[in-house]
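The values are calculated or read from the model by the stated rules, or taken from the named source; none is laboratory data. These numbers come from a predicted model, not from an experiment. All Cβ positions, even for glycine, are placed from backbone atoms using ideal geometry, and neighbour counts span all protein chains on display. Keep in mind that these areas ignore ligands, DNA and RNA; they rest on the heavy atoms of the full protein, side chains included. Shrake-Rupley method; radii C 1.70, N 1.55, O 1.52, S 1.80 Å.
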Amino acid sequence: MNKTVYLKFSFVFLLGLFIYSCYNEYYDLPPTNLEKENLIPKPLSILATNSSFILDENTSIITPDEEVFISAGNFLSKKIKDKTQLEIEVNLEESKNKGRKIIINKVDKNTAVDDESYELTISKNSIIINTQTAEGAFRAIQTIRQLIPYKSDSPKNNLWAIPTGTIIDKPNFEYRGSMLDVARHFFDVEDVKKYIDIMAYYKMNVLHLHLTDDQGWRIEIKSWPELTKIGGSTEVGGGKGGFYTQEQYKEIVAYAAQNYITIIPEIDMPGHTHAASTSYPILNGKEAATLLSSDSQSDKKAALYTGMKVGFSTFDTNKEEVYGFVDDVIRELSALTPGKYIHIGGDESKVTKQDDYACFLGRVEKIVAKYGKTMIGWDEVAKANLSTNTIVQFWYDKENAKLASSKKMKLILSPAKRIYLDIKYDSLSKYGNRWIGYTPVDSSYNWSPEKYIDGISKDQILGVEAPLWSETVSEISELEYLAFPRLIGVAELGWSVEENRNWENYKERLVNQTPYLNKMKINYFPSKRVDWKKIKAK
(Lines give C-alpha, C1' and ligand atoms only; values in the text may rest on other atoms or scores of the structure.)
Protein backbone atom coordinates (compact mmCIF):
# COMPACT_ATOMS: atom_id res chain seq x y z
CA MET A 1 0.00 0.00 0.00
CA ASN A 2 1.56 3.37 -1.03
CA LYS A 3 1.67 6.34 1.29
CA THR A 4 -1.17 8.29 -0.40
CA VAL A 5 -3.58 5.32 -0.30
CA TYR A 6 -2.61 4.62 3.32
CA LEU A 7 -3.31 8.21 4.36
CA LYS A 8 -6.70 8.17 2.58
CA PHE A 9 -7.63 4.89 4.26
CA SER A 10 -6.57 6.20 7.68
CA PHE A 11 -8.57 9.39 7.20
CA VAL A 12 -11.74 7.52 6.21
CA PHE A 13 -11.33 5.10 9.11
CA LEU A 14 -10.80 7.85 11.69
CA LEU A 15 -13.68 9.87 10.26
CA GLY A 16 -15.93 6.83 10.63
CA LEU A 17 -14.87 6.37 14.24
CA PHE A 18 -15.51 10.06 14.97
CA ILE A 19 -18.97 9.98 13.39
CA TYR A 20 -19.90 6.82 15.26
CA SER A 21 -18.61 8.14 18.57
CA CYS A 22 -20.95 11.10 18.14
CA TYR A 23 -23.88 8.90 17.18
CA ASN A 24 -25.40 8.55 20.64
CA GLU A 25 -24.93 12.23 21.45
CA TYR A 26 -26.26 13.42 18.06
CA TYR A 27 -29.46 11.46 18.35
CA ASP A 28 -29.78 12.17 22.07
CA LEU A 29 -29.76 8.46 22.91
CA PRO A 30 -29.97 7.54 26.59
CA PRO A 31 -27.08 6.04 28.58
CA THR A 32 -27.30 2.29 28.99
CA ASN A 33 -26.51 -0.34 31.58
CA LEU A 34 -27.00 -3.91 30.42
CA GLU A 35 -26.83 -5.13 34.02
CA LYS A 36 -29.96 -3.11 34.87
CA GLU A 37 -32.11 -4.49 32.08
CA ASN A 38 -35.31 -6.25 33.12
CA LEU A 39 -34.52 -9.67 31.67
CA ILE A 40 -36.59 -12.69 32.70
CA PRO A 41 -35.29 -15.25 33.31
CA LYS A 42 -32.17 -13.65 34.74
CA PRO A 43 -29.03 -14.73 32.84
CA LEU A 44 -26.12 -16.52 34.44
CA SER A 45 -23.80 -13.50 34.12
CA ILE A 46 -23.99 -9.99 32.67
CA LEU A 47 -21.16 -7.50 32.06
CA ALA A 48 -22.16 -4.03 30.87
CA THR A 49 -20.01 -1.77 28.68
CA ASN A 50 -22.46 1.17 28.83
CA SER A 51 -22.83 2.03 25.17
CA SER A 52 -25.43 1.23 22.50
CA PHE A 53 -25.91 -0.95 19.46
CA ILE A 54 -28.22 1.03 17.20
CA LEU A 55 -30.87 -1.09 15.52
CA ASP A 56 -32.08 0.65 12.36
CA GLU A 57 -33.17 0.01 8.78
CA ASN A 58 -29.61 -0.80 7.70
CA THR A 59 -29.12 -3.56 10.27
CA SER A 60 -28.93 -7.10 8.92
CA ILE A 61 -28.82 -10.63 10.33
CA ILE A 62 -26.14 -13.15 9.35
CA THR A 63 -26.49 -16.87 10.09
CA PRO A 64 -24.62 -20.09 9.32
CA ASP A 65 -25.71 -21.73 6.06
CA GLU A 66 -27.87 -24.35 7.81
CA GLU A 67 -31.64 -24.49 7.67
CA VAL A 68 -32.15 -24.46 11.44
CA PHE A 69 -29.94 -21.39 11.90
CA ILE A 70 -31.51 -19.61 8.94
CA SER A 71 -34.93 -20.30 10.49
CA ALA A 72 -33.72 -18.78 13.76
CA GLY A 73 -32.52 -15.70 11.87
CA ASN A 74 -35.86 -15.36 10.08
CA PHE A 75 -37.68 -15.74 13.40
CA LEU A 76 -35.64 -12.88 14.88
CA SER A 77 -36.26 -10.71 11.82
CA LYS A 78 -40.01 -11.32 12.12
CA LYS A 79 -40.05 -10.45 15.82
CA ILE A 80 -37.99 -7.29 15.25
CA LYS A 81 -40.47 -6.13 12.60
CA ASP A 82 -43.37 -6.93 14.90
CA LYS A 83 -41.89 -4.71 17.61
CA THR A 84 -40.21 -1.92 15.62
CA GLN A 85 -41.60 -2.10 12.05
CA LEU A 86 -38.00 -2.38 10.83
CA GLU A 87 -37.41 -4.73 7.88
CA ILE A 88 -34.24 -6.59 8.81
CA GLU A 89 -32.75 -8.68 6.02
CA VAL A 90 -31.33 -12.14 6.70
CA ASN A 91 -28.10 -13.20 4.96
CA LEU A 92 -27.99 -10.17 2.69
CA GLU A 93 -25.44 -10.22 -0.13
CA GLU A 94 -22.05 -9.06 1.14
CA SER A 95 -21.90 -6.23 -1.38
CA LYS A 96 -25.16 -4.82 0.04
CA ASN A 97 -24.41 -5.49 3.68
CA LYS A 98 -23.31 -2.02 4.82
CA GLY A 99 -24.94 -1.57 8.21
CA ARG A 100 -24.52 -3.01 11.68
CA LYS A 101 -24.95 -6.74 12.01
CA ILE A 102 -26.57 -9.32 14.23
CA ILE A 103 -24.47 -12.43 13.77
CA ILE A 104 -25.41 -15.96 14.77
CA ASN A 105 -22.13 -17.82 15.05
CA LYS A 106 -22.03 -21.61 15.38
CA VAL A 107 -19.08 -22.67 17.54
CA ASP A 108 -17.45 -26.08 17.76
CA LYS A 109 -19.30 -28.73 19.72
CA ASN A 110 -18.21 -29.12 23.33
CA THR A 111 -19.81 -31.96 25.25
CA ALA A 112 -19.37 -30.02 28.50
CA VAL A 113 -21.60 -27.23 27.22
CA ASP A 114 -25.39 -27.43 27.25
CA ASP A 115 -27.22 -27.29 23.89
CA GLU A 116 -29.20 -24.30 25.14
CA SER A 117 -26.15 -22.33 26.27
CA TYR A 118 -25.11 -19.16 24.52
CA GLU A 119 -22.84 -16.16 24.77
CA LEU A 120 -24.22 -12.82 23.62
CA THR A 121 -21.69 -10.08 22.87
CA ILE A 122 -23.18 -6.68 22.08
CA SER A 123 -20.94 -3.87 20.84
CA LYS A 124 -21.58 -0.63 18.95
CA ASN A 125 -21.06 -2.39 15.62
CA SER A 126 -22.49 -5.86 16.15
CA ILE A 127 -24.49 -8.30 18.19
CA ILE A 128 -22.84 -11.72 18.14
CA ILE A 129 -24.51 -14.90 19.36
CA ASN A 130 -22.00 -17.68 19.98
CA THR A 131 -23.66 -21.04 20.42
CA GLN A 132 -23.29 -24.70 19.50
CA THR A 133 -26.86 -25.21 18.37
CA ALA A 134 -29.84 -23.52 16.80
CA GLU A 135 -31.63 -24.14 20.08
CA GLY A 136 -29.01 -22.07 21.88
CA ALA A 137 -29.41 -19.35 19.25
CA PHE A 138 -33.17 -19.41 19.80
CA ARG A 139 -32.74 -18.88 23.55
CA ALA A 140 -30.35 -15.99 22.88
CA ILE A 141 -32.89 -14.46 20.49
CA GLN A 142 -35.43 -14.27 23.34
CA THR A 143 -32.89 -12.21 25.27
CA ILE A 144 -32.40 -9.88 22.31
CA ARG A 145 -36.17 -9.49 21.96
CA GLN A 146 -36.39 -8.37 25.58
CA LEU A 147 -33.50 -5.92 25.14
CA ILE A 148 -35.17 -4.07 22.28
CA PRO A 149 -37.13 -1.19 23.86
CA TYR A 150 -40.85 -0.71 23.27
CA LYS A 151 -40.32 2.93 22.34
CA SER A 152 -37.87 4.15 19.71
CA ASP A 153 -34.98 6.13 21.17
CA SER A 154 -35.16 8.41 18.14
CA PRO A 155 -38.65 8.13 16.59
CA LYS A 156 -37.82 10.58 13.78
CA ASN A 157 -35.03 8.30 12.56
CA ASN A 158 -36.57 5.01 13.81
CA LEU A 159 -33.53 4.10 15.89
CA TRP A 160 -33.60 1.54 18.69
CA ALA A 161 -30.75 1.48 21.22
CA ILE A 162 -29.72 -1.90 22.66
CA PRO A 163 -27.32 -1.82 25.65
CA THR A 164 -23.84 -3.15 25.03
CA GLY A 165 -22.01 -5.76 27.03
CA THR A 166 -21.67 -9.52 27.36
CA ILE A 167 -24.18 -12.09 28.57
CA ILE A 168 -23.14 -15.67 29.30
CA ASP A 169 -26.13 -17.88 29.86
CA LYS A 170 -27.33 -21.45 30.27
CA PRO A 171 -30.30 -23.20 31.92
CA ASN A 172 -30.33 -24.25 35.55
CA PHE A 173 -32.55 -27.28 34.78
CA GLU A 174 -32.95 -29.14 31.50
CA TYR A 175 -36.73 -29.49 31.97
CA ARG A 176 -38.73 -26.24 32.32
CA GLY A 177 -42.38 -26.76 31.66
CA SER A 178 -46.04 -26.09 32.12
CA MET A 179 -49.06 -28.35 31.85
CA LEU A 180 -52.39 -27.48 30.24
CA ASP A 181 -55.42 -29.50 31.24
CA VAL A 182 -57.46 -29.62 28.04
CA ALA A 183 -59.57 -32.53 29.34
CA ARG A 184 -61.75 -30.80 31.98
CA HIS A 185 -62.31 -27.90 29.57
CA PHE A 186 -61.12 -28.01 25.99
CA PHE A 187 -58.82 -25.34 24.51
CA ASP A 188 -58.38 -25.13 20.76
CA VAL A 189 -55.22 -25.15 18.66
CA GLU A 190 -54.85 -21.36 18.53
CA ASP A 191 -55.16 -21.08 22.32
CA VAL A 192 -52.39 -23.65 22.75
CA LYS A 193 -50.20 -21.85 20.19
CA LYS A 194 -50.52 -18.59 22.10
CA TYR A 195 -49.49 -20.34 25.30
CA ILE A 196 -46.47 -21.77 23.45
CA ASP A 197 -45.48 -18.29 22.22
CA ILE A 198 -45.40 -16.96 25.77
CA MET A 199 -43.54 -19.97 27.14
CA ALA A 200 -40.87 -19.63 24.44
CA TYR A 201 -40.39 -15.93 25.22
CA TYR A 202 -39.41 -16.91 28.77
CA LYS A 203 -37.17 -19.80 27.67
CA MET A 204 -39.43 -22.66 28.75
CA ASN A 205 -39.04 -25.88 26.80
CA VAL A 206 -41.79 -28.39 27.72
CA LEU A 207 -45.56 -28.28 27.29
CA HIS A 208 -47.37 -31.18 28.93
CA LEU A 209 -50.89 -31.69 27.57
CA HIS A 210 -53.30 -33.46 29.92
CA LEU A 211 -55.37 -34.99 27.12
CA THR A 212 -57.72 -37.34 28.97
CA ASP A 213 -59.71 -37.43 32.17
CA ASP A 214 -63.11 -38.40 33.56
CA GLN A 215 -64.72 -35.42 31.81
CA GLY A 216 -63.24 -35.75 28.34
CA TRP A 217 -60.99 -37.53 25.85
CA ARG A 218 -59.26 -34.97 23.61
CA ILE A 219 -57.02 -36.82 21.13
CA GLU A 220 -58.18 -38.80 18.10
CA ILE A 221 -57.22 -42.48 18.24
CA LYS A 222 -58.09 -43.99 14.88
CA SER A 223 -58.27 -47.58 16.14
CA TRP A 224 -60.76 -46.55 18.86
CA PRO A 225 -62.90 -43.82 17.25
CA GLU A 226 -65.60 -43.66 19.95
CA LEU A 227 -63.08 -42.13 22.37
CA THR A 228 -63.54 -38.74 20.76
CA LYS A 229 -66.99 -39.30 19.26
CA ILE A 230 -68.39 -40.06 22.72
CA GLY A 231 -65.70 -39.11 25.23
CA GLY A 232 -64.83 -35.83 23.54
CA SER A 233 -68.40 -34.55 23.40
CA THR A 234 -68.63 -32.73 26.72
CA GLU A 235 -66.63 -31.17 29.56
CA VAL A 236 -66.99 -29.89 33.12
CA GLY A 237 -70.33 -28.12 33.40
CA GLY A 238 -71.75 -29.87 30.35
CA GLY A 239 -70.23 -27.75 27.58
CA LYS A 240 -69.65 -28.96 24.04
CA GLY A 241 -66.16 -30.28 24.71
CA GLY A 242 -63.98 -30.95 21.68
CA PHE A 243 -60.85 -32.83 20.65
CA TYR A 244 -57.76 -32.60 18.47
CA THR A 245 -57.69 -34.57 15.28
CA GLN A 246 -54.35 -36.23 14.69
CA GLU A 247 -53.58 -33.57 12.11
CA GLN A 248 -54.35 -30.81 14.61
CA TYR A 249 -52.22 -32.50 17.24
CA LYS A 250 -49.33 -32.74 14.75
CA GLU A 251 -49.82 -29.03 14.03
CA ILE A 252 -49.39 -28.25 17.74
CA VAL A 253 -46.33 -30.52 17.96
CA ALA A 254 -44.75 -28.87 14.90
CA TYR A 255 -45.47 -25.35 16.16
CA ALA A 256 -43.97 -26.21 19.54
CA ALA A 257 -40.88 -27.67 17.84
CA GLN A 258 -40.38 -24.41 15.91
CA ASN A 259 -40.20 -22.74 19.33
CA TYR A 260 -37.90 -25.44 20.76
CA ILE A 261 -40.64 -26.73 23.04
CA THR A 262 -41.30 -30.45 23.46
CA ILE A 263 -44.89 -31.65 23.69
CA ILE A 264 -45.53 -34.37 26.29
CA PRO A 265 -48.95 -36.02 25.92
CA GLU A 266 -50.67 -37.48 28.94
CA ILE A 267 -53.16 -40.34 28.87
CA ASP A 268 -54.26 -40.58 32.51
CA MET A 269 -54.83 -44.14 33.76
CA PRO A 270 -55.92 -46.43 35.39
CA GLY A 271 -57.96 -43.79 37.24
CA HIS A 272 -59.42 -40.60 35.74
CA THR A 273 -60.82 -42.83 32.97
CA HIS A 274 -64.59 -42.36 33.01
CA ALA A 275 -64.70 -40.76 29.54
CA ALA A 276 -62.74 -43.65 28.04
CA SER A 277 -64.78 -46.33 29.83
CA THR A 278 -68.05 -44.69 28.84
CA SER A 279 -66.93 -44.67 25.23
CA TYR A 280 -65.87 -48.33 25.49
CA PRO A 281 -67.53 -50.01 28.52
CA ILE A 282 -65.32 -53.08 28.04
CA LEU A 283 -62.58 -51.03 29.74
CA ASN A 284 -64.62 -50.36 32.85
CA GLY A 285 -63.46 -51.71 36.19
CA LYS A 286 -66.72 -51.34 38.07
CA GLU A 287 -68.12 -54.57 39.45
CA ALA A 288 -71.61 -53.66 38.20
CA ALA A 289 -71.06 -51.84 34.93
CA THR A 290 -74.10 -49.81 33.93
CA LEU A 291 -73.22 -49.86 30.27
CA LEU A 292 -72.64 -52.57 27.71
CA SER A 293 -70.53 -52.12 24.58
CA SER A 294 -73.70 -52.44 22.47
CA ASP A 295 -75.47 -49.51 24.13
CA SER A 296 -76.44 -46.55 21.95
CA GLN A 297 -74.41 -43.36 21.57
CA SER A 298 -77.17 -41.39 23.26
CA ASP A 299 -77.06 -43.70 26.28
CA LYS A 300 -73.30 -43.38 26.47
CA LYS A 301 -73.39 -39.60 26.19
CA ALA A 302 -75.99 -39.48 28.93
CA ALA A 303 -73.61 -41.43 31.18
CA LEU A 304 -70.68 -39.05 30.68
CA TYR A 305 -69.43 -37.17 33.73
CA THR A 306 -69.40 -33.36 33.87
CA GLY A 307 -68.67 -32.79 37.55
CA MET A 308 -65.39 -32.15 39.38
CA LYS A 309 -64.95 -35.11 41.74
CA VAL A 310 -61.91 -37.38 41.37
CA GLY A 311 -60.95 -40.92 42.26
CA PHE A 312 -64.12 -42.80 41.36
CA SER A 313 -63.09 -44.41 38.05
CA THR A 314 -60.68 -47.15 37.02
CA PHE A 315 -59.85 -49.46 34.16
CA ASP A 316 -60.34 -53.16 34.79
CA THR A 317 -56.66 -53.97 35.16
CA ASN A 318 -57.31 -57.71 34.98
CA LYS A 319 -58.71 -57.64 31.44
CA GLU A 320 -56.31 -58.33 28.57
CA GLU A 321 -58.50 -56.13 26.36
CA VAL A 322 -57.44 -53.17 28.47
CA TYR A 323 -53.76 -53.75 27.65
CA GLY A 324 -54.61 -54.10 23.96
CA PHE A 325 -56.35 -50.74 24.23
CA VAL A 326 -53.37 -49.15 26.00
CA ASP A 327 -51.01 -50.56 23.38
CA ASP A 328 -53.09 -49.08 20.54
CA VAL A 329 -53.29 -45.66 22.20
CA ILE A 330 -49.57 -45.50 23.02
CA ARG A 331 -48.66 -46.77 19.54
CA GLU A 332 -50.69 -44.10 17.76
CA LEU A 333 -49.67 -41.34 20.14
CA SER A 334 -45.97 -42.27 19.93
CA ALA A 335 -46.10 -42.07 16.15
CA LEU A 336 -47.46 -38.51 16.43
CA THR A 337 -45.03 -37.39 19.15
CA PRO A 338 -41.33 -37.01 18.32
CA GLY A 339 -40.42 -36.16 21.93
CA LYS A 340 -39.06 -38.94 24.12
CA TYR A 341 -41.72 -38.85 26.84
CA ILE A 342 -45.23 -40.24 27.28
CA HIS A 343 -47.07 -39.33 30.50
CA ILE A 344 -49.43 -42.03 31.82
CA GLY A 345 -50.91 -40.14 34.78
CA GLY A 346 -51.31 -42.72 37.53
CA ASP A 347 -52.67 -40.31 40.15
CA GLU A 348 -55.71 -40.53 42.39
CA SER A 349 -56.65 -44.06 41.29
CA LYS A 350 -58.54 -44.55 44.53
CA VAL A 351 -60.79 -47.46 43.55
CA THR A 352 -58.04 -49.56 41.97
CA LYS A 353 -56.70 -52.26 44.28
CA GLN A 354 -53.08 -51.54 45.16
CA ASP A 355 -51.72 -54.82 43.76
CA ASP A 356 -53.71 -54.33 40.56
CA TYR A 357 -52.46 -50.75 40.31
CA ALA A 358 -48.82 -51.79 40.63
CA CYS A 359 -49.22 -54.62 38.13
CA PHE A 360 -50.95 -52.32 35.66
CA LEU A 361 -48.18 -49.70 35.81
CA GLY A 362 -45.51 -52.35 35.29
CA ARG A 363 -47.20 -53.56 32.12
CA VAL A 364 -47.86 -50.03 30.85
CA GLU A 365 -44.21 -49.09 31.42
CA LYS A 366 -43.20 -51.95 29.11
CA ILE A 367 -45.71 -50.82 26.46
CA VAL A 368 -44.34 -47.26 26.58
CA ALA A 369 -40.77 -48.59 26.26
CA LYS A 370 -41.85 -50.84 23.36
CA TYR A 371 -42.56 -47.70 21.33
CA GLY A 372 -39.26 -46.05 22.19
CA LYS A 373 -40.56 -43.64 24.82
CA THR A 374 -39.79 -42.92 28.47
CA MET A 375 -42.69 -43.05 30.91
CA ILE A 376 -43.61 -40.21 33.26
CA GLY A 377 -46.18 -40.58 36.04
CA TRP A 378 -47.50 -38.53 38.95
CA ASP A 379 -45.81 -39.21 42.28
CA GLU A 380 -48.10 -42.12 43.25
CA VAL A 381 -46.37 -44.29 40.62
CA ALA A 382 -43.26 -44.42 42.81
CA LYS A 383 -45.05 -47.09 44.86
CA ALA A 384 -45.00 -49.53 41.94
CA ASN A 385 -42.04 -51.69 40.99
CA LEU A 386 -40.84 -49.68 38.00
CA SER A 387 -37.46 -49.27 36.33
CA THR A 388 -35.15 -46.36 37.10
CA ASN A 389 -35.92 -45.00 33.62
CA THR A 390 -39.43 -43.92 34.60
CA ILE A 391 -39.68 -40.30 35.74
CA VAL A 392 -41.77 -39.36 38.75
CA GLN A 393 -43.61 -36.04 38.79
CA PHE A 394 -43.95 -34.85 42.37
CA TRP A 395 -47.13 -32.90 43.03
CA TYR A 396 -48.27 -33.60 46.60
CA ASP A 397 -46.71 -36.40 48.65
CA LYS A 398 -43.08 -35.80 49.55
CA GLU A 399 -42.77 -39.37 50.80
CA ASN A 400 -43.50 -40.58 47.27
CA ALA A 401 -40.79 -38.25 45.97
CA LYS A 402 -38.31 -39.58 48.52
CA LEU A 403 -39.24 -43.15 47.59
CA ALA A 404 -38.60 -42.37 43.93
CA SER A 405 -35.28 -40.81 44.85
CA SER A 406 -34.26 -43.90 46.83
CA LYS A 407 -34.99 -45.95 43.71
CA LYS A 408 -32.68 -43.67 41.66
CA MET A 409 -35.58 -42.31 39.61
CA LYS A 410 -35.43 -38.76 38.23
CA LEU A 411 -37.97 -36.23 39.48
CA ILE A 412 -39.97 -33.36 38.01
CA LEU A 413 -41.05 -30.93 40.72
CA SER A 414 -44.62 -29.58 40.54
CA PRO A 415 -45.47 -28.89 44.19
CA ALA A 416 -49.17 -28.05 44.43
CA LYS A 417 -48.53 -25.65 47.31
CA ARG A 418 -46.22 -23.57 45.11
CA ILE A 419 -46.82 -23.85 41.39
CA TYR A 420 -50.25 -25.30 40.74
CA LEU A 421 -51.48 -22.46 38.56
CA ASP A 422 -55.15 -23.34 39.07
CA ILE A 423 -55.00 -22.40 42.76
CA LYS A 424 -56.53 -19.04 43.68
CA TYR A 425 -54.18 -16.12 44.36
CA ASP A 426 -56.27 -14.95 47.31
CA SER A 427 -59.83 -14.86 48.60
CA LEU A 428 -60.84 -12.32 45.94
CA SER A 429 -59.59 -14.30 42.93
CA LYS A 430 -62.21 -14.64 40.19
CA TYR A 431 -61.18 -18.15 39.18
CA GLY A 432 -59.37 -21.14 40.57
CA ASN A 433 -59.48 -23.81 43.26
CA ARG A 434 -58.54 -23.48 46.91
CA TRP A 435 -58.24 -27.08 48.10
CA ILE A 436 -54.68 -26.39 49.20
CA GLY A 437 -55.16 -22.76 50.24
CA TYR A 438 -53.98 -19.75 48.24
CA THR A 439 -50.85 -19.20 46.18
CA PRO A 440 -49.96 -15.50 45.76
CA VAL A 441 -47.41 -14.42 43.17
CA ASP A 442 -44.51 -14.21 45.64
CA SER A 443 -45.21 -17.70 47.04
CA SER A 444 -45.04 -19.27 43.59
CA TYR A 445 -41.62 -17.66 43.05
CA ASN A 446 -40.11 -17.69 46.53
CA TRP A 447 -38.98 -21.30 46.90
CA SER A 448 -35.96 -23.31 45.92
CA PRO A 449 -36.45 -26.44 43.78
CA GLU A 450 -32.90 -27.43 44.67
CA LYS A 451 -33.78 -27.61 48.40
CA TYR A 452 -37.52 -28.20 48.47
CA ILE A 453 -37.46 -31.86 49.53
CA ASP A 454 -34.96 -32.93 52.18
CA GLY A 455 -32.56 -35.57 50.97
CA ILE A 456 -33.13 -35.00 47.25
CA SER A 457 -30.15 -33.46 45.50
CA LYS A 458 -30.25 -31.23 42.46
CA ASP A 459 -28.77 -33.90 40.20
CA GLN A 460 -31.85 -36.06 40.82
CA ILE A 461 -34.19 -33.27 39.68
CA LEU A 462 -34.92 -33.16 35.97
CA GLY A 463 -36.66 -29.81 36.34
CA VAL A 464 -39.86 -27.97 37.25
CA GLU A 465 -43.33 -27.87 35.75
CA ALA A 466 -46.32 -25.66 36.58
CA PRO A 467 -49.63 -27.49 35.99
CA LEU A 468 -52.83 -25.61 35.18
CA TRP A 469 -55.92 -27.72 35.82
CA SER A 470 -58.99 -26.37 34.07
CA GLU A 471 -62.02 -27.31 36.19
CA THR A 472 -62.82 -23.63 36.88
CA VAL A 473 -61.81 -22.02 33.57
CA SER A 474 -63.30 -22.43 30.11
CA GLU A 475 -61.91 -19.45 28.15
CA ILE A 476 -58.33 -18.55 27.27
CA SER A 477 -58.64 -15.22 29.11
CA GLU A 478 -59.61 -17.07 32.31
CA LEU A 479 -56.72 -19.48 31.86
CA GLU A 480 -54.33 -16.54 31.41
CA TYR A 481 -55.62 -14.93 34.60
CA LEU A 482 -54.46 -17.98 36.57
CA ALA A 483 -51.24 -18.60 34.65
CA PHE A 484 -49.84 -15.08 34.54
CA PRO A 485 -47.78 -13.71 36.06
CA ARG A 486 -47.03 -16.86 38.10
CA LEU A 487 -45.77 -18.88 35.12
CA ILE A 488 -43.17 -16.19 34.41
CA GLY A 489 -41.69 -16.77 37.86
CA VAL A 490 -41.64 -20.52 37.29
CA ALA A 491 -39.70 -19.89 34.07
CA GLU A 492 -37.04 -18.13 36.11
CA LEU A 493 -36.97 -20.93 38.69
CA GLY A 494 -36.23 -23.35 35.88
CA TRP A 495 -33.62 -21.29 34.03
CA SER A 496 -31.78 -19.09 36.54
CA VAL A 497 -29.35 -20.36 39.16
CA GLU A 498 -30.39 -20.03 42.79
CA GLU A 499 -27.94 -17.25 43.64
CA ASN A 500 -29.43 -15.07 40.87
CA ARG A 501 -33.00 -15.42 42.14
CA ASN A 502 -34.32 -12.77 44.51
CA TRP A 503 -37.95 -11.73 44.98
CA GLU A 504 -37.29 -8.01 45.46
CA ASN A 505 -35.22 -7.85 42.30
CA TYR A 506 -37.54 -10.16 40.38
CA LYS A 507 -40.71 -8.18 41.07
CA GLU A 508 -39.04 -5.04 39.66
CA ARG A 509 -38.21 -6.94 36.48
CA LEU A 510 -41.71 -8.44 36.42
CA VAL A 511 -43.34 -5.00 36.45
CA ASN A 512 -41.39 -4.16 33.31
CA GLN A 513 -42.82 -7.15 31.47
CA THR A 514 -46.14 -5.26 31.32
CA PRO A 515 -45.62 -3.92 27.75
CA TYR A 516 -45.11 -7.48 26.49
CA LEU A 517 -48.11 -8.79 28.42
CA ASN A 518 -50.24 -5.97 27.00
CA LYS A 519 -48.97 -6.45 23.46
CA MET A 520 -49.81 -10.15 23.66
CA LYS A 521 -53.25 -9.26 25.12
CA ILE A 522 -52.64 -11.47 28.13
CA ASN A 523 -55.28 -11.18 30.83
CA TYR A 524 -52.81 -11.31 33.71
CA PHE A 525 -53.67 -10.96 37.40
CA PRO A 526 -52.42 -7.56 38.70
CA SER A 527 -51.30 -8.78 42.11
CA LYS A 528 -51.10 -6.10 44.80
CA ARG A 529 -47.82 -7.67 45.90
CA VAL A 530 -46.23 -6.11 42.81
CA ASP A 531 -46.16 -2.34 42.22
CA TRP A 532 -47.34 -2.26 38.61
CA LYS A 533 -47.16 1.56 38.58
CA LYS A 534 -43.38 1.40 38.72
CA ILE A 535 -43.06 0.48 35.06
CA LYS A 536 -40.34 2.43 33.29
CA ALA A 537 -41.23 4.35 30.15
CA LYS A 538 -39.19 2.24 27.78
**Message:** Counting heavy atoms of the protein chains only and a 1.4 Å probe, report the per residue accessible area for the chain as a whole number of Å².
**Reply:** 43 Å²
**Message:** Using a 7 Å offset from the Cα along the Cα-to-Cβ direction at both residue 229 and residue 408, what is the distance between the two label points in nm, to one decimal?
**Reply:** 4.8 nm
**Request:** Enumerate the aspartates and glutamates that residue 156 could reach by cross-link, defined here as Cα to Cα under 18 Å, with residues fewer than 8 away along the same chain left out.
**Result:** 25, 28, 56, 57, 87
**Request:** Evaluate 2.2 N^0.38 Å with N set to the residue count of the chain, then give the Cα radius of gyration divided by it.
**Result:** 1.08
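Just to be sure I follow: if Rg is taken over the C-alpha atoms of the stretch 378-461 and Rh is the Kirkwood radius over the same atoms, what is Rg/Rh?
Radius of gyration over Kirkwood radius for the stretch 378-461 works out to 1.04.
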**Message:** Could you order the peptides 300-306, 57-63, 71-77 from most to least packed, using the average number of other C-beta atoms within 10 Å per residue?
**Reply:** 71-77, 57-63, 300-306
**Message:** If R₀ is 41 angstrom, what is the calculated FRET efficiency for the pair residue 371 and residue 306, using the beta carbon separation as r and rounding to 0.05?
**Reply:** 0.80
**Asked** Which aspartates and glutamates have a Cα less than 19 Å from the Cα of residue 319, not counting those fewer than 8 places away in the same chain?
**Response** 268, 287, 327, 328, 355, 356, 365
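Please report the antiparallel percentage of DSSP beta bridges with both residues in the stretch 174-321, rounded to the nearest 5.
So the antiparallel bridges in the stretch 174-321 amount to around 20 percent.
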**Request:** Kindly provide the helix-only [θ] at 222 nm of the chain, computed as the sum of -39,500 (n - 2.57) over DSSP H runs of four or more divided by all residues, to the nearest 500 deg cm²/dmol?
**Result:** -10000 deg cm²/dmol
**Prompt:** Straight-line reach from residue 507: which lysines have Cα under 16 Å away, leaving out those fewer than 8 places along the same chain?
**Reply:** 36, 42, 528, 533, 534, 536
**Fill in**
Amide H proximity to residue 425 below 5 Å, modelled H, separation 5+ or other chain, gives 439
**Request:** Return the carbon/sulfur percentage of the accessible area of the stretch 388-538, one whole number, probe 1.4 Å, all protein chains in place.
**Result:** 48 percent
**In degrees, nearest ten, helix 67-84 long axis to first principal axis of the chain (Cα)** = 70 degrees
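Report the gain in length on full extension from residue 108 to residue 78: 0.36 nm times residue separation, minus Cα-Cα distance, nm rounded to one decimal.
Values: separation 30, 0.36 × 30 = 10.80 nm, distance 2.75 nm.
Working it through step by step, the gained length comes to 8.0 nm.
How big is the antiparallel share of DSSP beta bridges in the chain, given as a percent to the nearest 5?
Of all bridge pairs located within the chain, approximately 35 percent are antiparallel.
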**Prompt:** With Cβ to Cβ distances under 9 Å as the rule, what net charge do the other residues near residue 330 carry (K, R +1; D, E -1)?
**Reply:** 0
**Request:** Report ³J(HN,Hα) in whole Hz for each residue of the stretch 271-279, in order, from the Karplus equation J = 6.51 cos²θ - 1.76 cosθ + 1.60 where θ = phi - 60°; Gly and Pro get x.
**Result:** x, 6, 10, 4, 4, 5, 6, 6, 5
**Relative contact order (%) - criterion: Cα under 8 Å, at least six apart; region: the chain** = 13 percent
**Prompt:** By how many degrees, between 0 and 90 and to the nearest 10, does the Cα long axis of helix 486-495 differ from the longest principal axis of the chain?
**Reply:** 70 degrees
**Prompt:** In degrees from 0 to 90, rounded to the nearest 10, what is the angle of the helix 354-370 Cα long axis to the longest principal axis of the chain?
**Reply:** 50 degrees
